[in-house]
1. Test ASN172 against the criterion of being open to solvent by 50 Å² or more (accessible area, probe 1.4 Å), without any contact (Cβ under 8 Å) to a residue 24 or more places away in the chain and within 24 Å of GLN45 (Cα to Cα), and give yes or no.
2. Working only within the range 81-105, note down all residues that are closer than 27 Å to THR20 by Cα and under 15 Å from the mean Cα position of the chain (by Cα).
Amino acid sequence: MKIGIDLDGVVIDSETTFRTFEEIFSIDVLKNGDKIIDRQEPKFQSRYNWTKEQEDEFIHNYMLKASKESHLMSGFKTVYELLKEQGHEFVVITARGGYFPEMKDDALRALEEGNITFDKFYWRTNNKLQACIDEKVDIMIDDDWKIVKHLSDNGIKTLYFRDTNLKRLPENELITEVNNWGDIYRVITNLNNSQK
């Protein structure tokens with residue numbers, strides 16, 4: 001099976017780290033810690049009512065720092081190795097590297113530390129649908145509900161790696177919610193066994 005996979009919030013725990021720094025910035029710098037407008041949104045641009053200047057300040061002062069504090073998700077390495085043993089191929093499809101090219105290097109550092117080698121990479125990719133189509137992925141794993149919805153609306157089977165507070169999506173034949181790498185292992189193994 002060919003598996004498309006996002007990095008941030010799926011392979012690397014950066015989304016949780018980014019949200020931690022968003023709160024620090026909101027409370028300590030902006031002095032408005034109670035100004036979250038939508039906790040269900042995965043990206044700070046939609047979670048907070050920040051001005052463009054405040055968003056730019058956050059990006060400049062915190063994004064790279066948060067990236068450097070991020071590590072592989074709990075359970076990822078074990079499940080990845082089991083799925084590779086089963087013969088699955090992994091294609092990374094990520095927007096990472098868009099804000100700072102150094103964030104790509106930092107992701108590669110985290111993967112190298114875990115001795116993880118993916119089959120192919122798409123960096124700075126805003127159109128994940130086209131990459132999934134081009135690669136003919138059997139399933140895509142992502143943590144952004146808007147991306148999951150867009151992919152599934154266009155016929156791509158998805159695993160929605162949903163973190164606490166993020167928006168729920170109704171599950172159907174194209175969307176399955178997962179919350180950890182054990183869930184992912186179960187779903188992919190079951191799919192693989194049903195195709196034999």
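The values are calculated or read from the model by the stated rules, or taken from the named source; none is laboratory data. Owing to the predicted nature of the structure, the values given are computational and were not obtained by experimental measurement. Neighbour counts are summed over all protein chains in view; Cβ atoms, including those assigned to glycine, are modelled from backbone coordinates with ideal geometry. SASA here: full protein model, heavy atoms, side chains in, ligands and nucleic acids out. Shrake-Rupley method; radii C 1.70, N 1.55, O 1.52, S 1.80 Å.
1. no
2. VAL92, ILE93, THR94, ALA95, ARG96, GLY97, GLY98, MET103, LYS104
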